[in-house]
Amino acid sequence: MLENNSAEQTTQAQQQSANPQPPRKKHGKKWRELHPRSLLRAMGAQDGVSEDKIRALVETEYSDPVISLYLNLSPEKVAPEPRGLLRSFHSMKTRALEAHRDFIESLSKSQKATLEHDLQEIDAFLADYFVPQHLRSLVIFRSGEKLNEVIGLLVRTKDGFKIDPDPYITPLEAVLEDDEKVLFVESAKDDTRFLLYQLGSCQQIERAKSFVPTDTVDRSIPHRAQEHRLEHLRTHLRQVASEVYQLYEQGSWDLLVLMAENRVAALLDEYLHESLKPKIIGRVLDSPDADARDRKELIENALREYRANKEAKAVENLRNHKPEELASSLRNVINVQNLFLVRKLFVSEGLHQKGFVCKEHHYLSLEAGNCPIDNSKLLTAENVVDEVIEVARLHGVDVLIINQRQELLAEYGGIAAIHYVVPPQAIAATGA
C-alpha cells in the first residue's frame with residue numbers, strides 16, 4: 001500500500017515538473033520600482049557628440065519605436081524644485097503620445113510593450129537618478145535593447161519629444177553645426193598629437209612622430225653637427241604646421257589651441273600659415289610630457305574665454321547700428337521677426353517667456369489669439385524664446401546665443417535684433 005502511494009506521489013511530481021505552473025506575481029513597493037540600469041550605463045559611458053555618432057544613429061534600422069527626447073535644463077526646471085524636470089517630461093510625454101497616436105496604434109503588441117517599458121525607464125531615470133550638474137541640455141534616444149543613448153550637452157536645445165521609427169536628430173545636427181570644433185595640438189620635439197574637441201567629445205585624430213636628436217648646445221661637438229640636430233627639429237615642426245593647415249582646409253576644425261614648451265612653440269609659430277594665427281584661442285607654454293593636466297579641461301577653459309570675448313564684442317557692436325535698425329525687448333523683436341526682416345539675432349540664454357505660435361506660418365505672439373494669416377488658433381509655447389530662435393534659424397538668420405556674458409544684454413531686455421528698416425506703421429500692423 002505504501003509502495004502504491006509512493007508511486008502515485010512520484011507520478012504526480014513528474015507531471016507537475018512537466019507542466020510547471022506560472023510563477024506567482026510578486027508584490028510590494030520594492031518589486032514595482034524600476035531601476036534604469038541601461039540608461040545609467042549610457043550616461044556613464046557618454047563621450048560627447050560627433051558626426052560619426054549621428055550618422056550611426058540614422059543608418060541603423062530599429063525594429064521597435066524610437067523615443068527621441070530633448071530636455072532644456074533651464075533654471076526654471078531644475079533649480080526651484082527637484083520635480084520640475086519630471087513634470088516637464090510628463091507634460092511632453094502626454095503631448096507626444098497624442099501627436100503620434102496613429103503611429104503608436106499601428107504597432108504590434110510587443111512593440112507597444114517595449115515602448116511602455118522605455119518610457120517607464122526614462123521616467124525613473126529622471127525622477128531618482130539624473131543630476132543636471134553643469135549641463136544645459138539632456139538628449140535621450142531609446143529603442144528597446146537596440147538603442148540606448150544618453151547625451152549631456154553644455155549648450156541649450158529646445159524641448160522636443162518624438163516617437164517615430166527613426167531617431168529625430170535635427171536639433172542635434174543644429175547644435176553640432178553651431179558649435180566650434182577645436183584642434184588641440186600637443187607638440188614635443190619628436191612627437192605631436194592632434195586632438196579634436198567638440199561638444200564634450202575629445203579624441204585623437206592624427207599623430208606625427210619623427211626622430212629628432214637632442215638639439216641642446218653641446219660644446220664638445222662641432223657647430224655643424226649642432227645645426228644638423230636643429231634642422232631635424234625644424235623639419236618635424238614644418239611637418240606639424242603643414243598637417244594643421246591641411247586639417248583646416250578639410251574643414252576638420254574651426255579654432256586652435258597649441259601646447260608646447262617655449263622654444264618649440266616659438267619655432268612652430270614661425271611655420272604656421274598666417275591665415276591660421278587668428279584662429280588660435282589658447283597657448284599652453286609647457287612640455288606635454290611634464291604637464292599632466294586634463295586636455296579636455298584645458299580646451300574648455302580656452303573656449304570659455306574665447307566665447308566670453310566674442311560675446312562682449314558682438315554686444316558692443318550693437319551700439320554701432322542706427323536706432324531704426326535695432327530692435328530690443330522680446331515684444332519688439334517678435335514684431336520685426338513676424339515680418340521676416342531680422343538679419344542678426346542676439347539672445348540671452350536665460351531669457352524665458354511663455355507665448356503663442358503658429359507652427360505652419362512661423363507667426364509668434366505674446367498674447368493668445370489667432371494667426372492673422374489663416375485665422376487658426378495659436379498654440380501655446382512653453383518658452384516663446386525657443387520659437388524665436390528656431391524660426392530665425394529656419395530663415396537663415398545669424399543667431400548668437402549669449403551664455404558667458406548674459407549681463408551685457410540686460411539693457412536690451414535680454415534680446416536684440418538687427419533688421420532691415422521698415423516704416424513703423426508696418427511693424428505695428430503685425431499686432432504681435
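Quick notes on this structure:
- FRET efficiency estimate (nearest 0.05) - Cβ-Cβ, Leu276 to Gln204, R0 22 angstrom: 0.65
- Taking only the Cα atoms of region 134-213, the radius of gyration and Dmax are 17.9, 61 Å.
- Directionally averaged projected area (convex hull, Cα atoms, region 229-322), nm²: 7.8 nm²
- Share of Cα-Cα pairs in region 236-381 lying beyond 20 Å, as whole percent: 66 percent
- Label separation (Ser63 vs Arg37): 2.1 nm, computed from points 7 Å beyond Cα along the C-beta direction.
- For region 257-375, the per residue solvent-accessible surface stands at 53 Å², with DNA, RNA and ligands left out and a 1.4 Å probe.
- Over 20 Å (Cα to Cα) - which of Lys158/Lys377; Lys279/Lys313; Lys277/Lys344; Lys277/Lys310 fall in this group: Lys158/Lys377; Lys277/Lys344
- Partners of Lys53 within straight-line reach, counting aspartates and glutamates whose Cα lies under 12 Å from its Cα and excluding those fewer than 8 residues away in the same chain: Glu149, Glu173.
- Region 360-407 - percent relative contact order, Cα under 8 Å, separation 6 or more: 24 percent
- Shape category assigned to region 349-400 from the gyration tensor of Cα positions, a/c cut at 1.5: oblate
- For region 108-124, backbone phi angles converted through the Karplus equation (6.51, -1.76, 1.60; θ = phi - 60°) give residue-by-residue couplings of 6, 4, 5, 5, 5, 5, 5, 4, 4, 5, 4, 5, 5, 5, 4, 4, 5 Hz, Gly and Pro being listed as x.
- The residues packed around Asn403, meaning those with a beta-carbon under 10 Å from its beta-carbon, carry a net charge of +3 if Lys and Arg are +1 and Asp and Glu are -1.
- Full-extension gain in nm, Asn301 to Ser329, via 0.36 nm per residue minus C-alpha separation: 6.9 nm
- For region 324-414: rounded, prolate or oblate by the Cα gyration tensor [a/c cutoff 1.5]: prolate
The values are calculated or read from the model by the stated rules, or taken from the named source; none is laboratory data. Please read all numbers here as calculations on a predicted model, not as lab measurements. Because the Cβ atoms are built from the backbone with ideal geometry, glycine has one as well, and the counts that use them run over all protein chains shown. Each accessible area value is taken on the protein alone, full model and side chains, heavy atoms only, with ligands, DNA and RNA left out. Shrake-Rupley method; radii C 1.70, N 1.55, O 1.52, S 1.80 Å.
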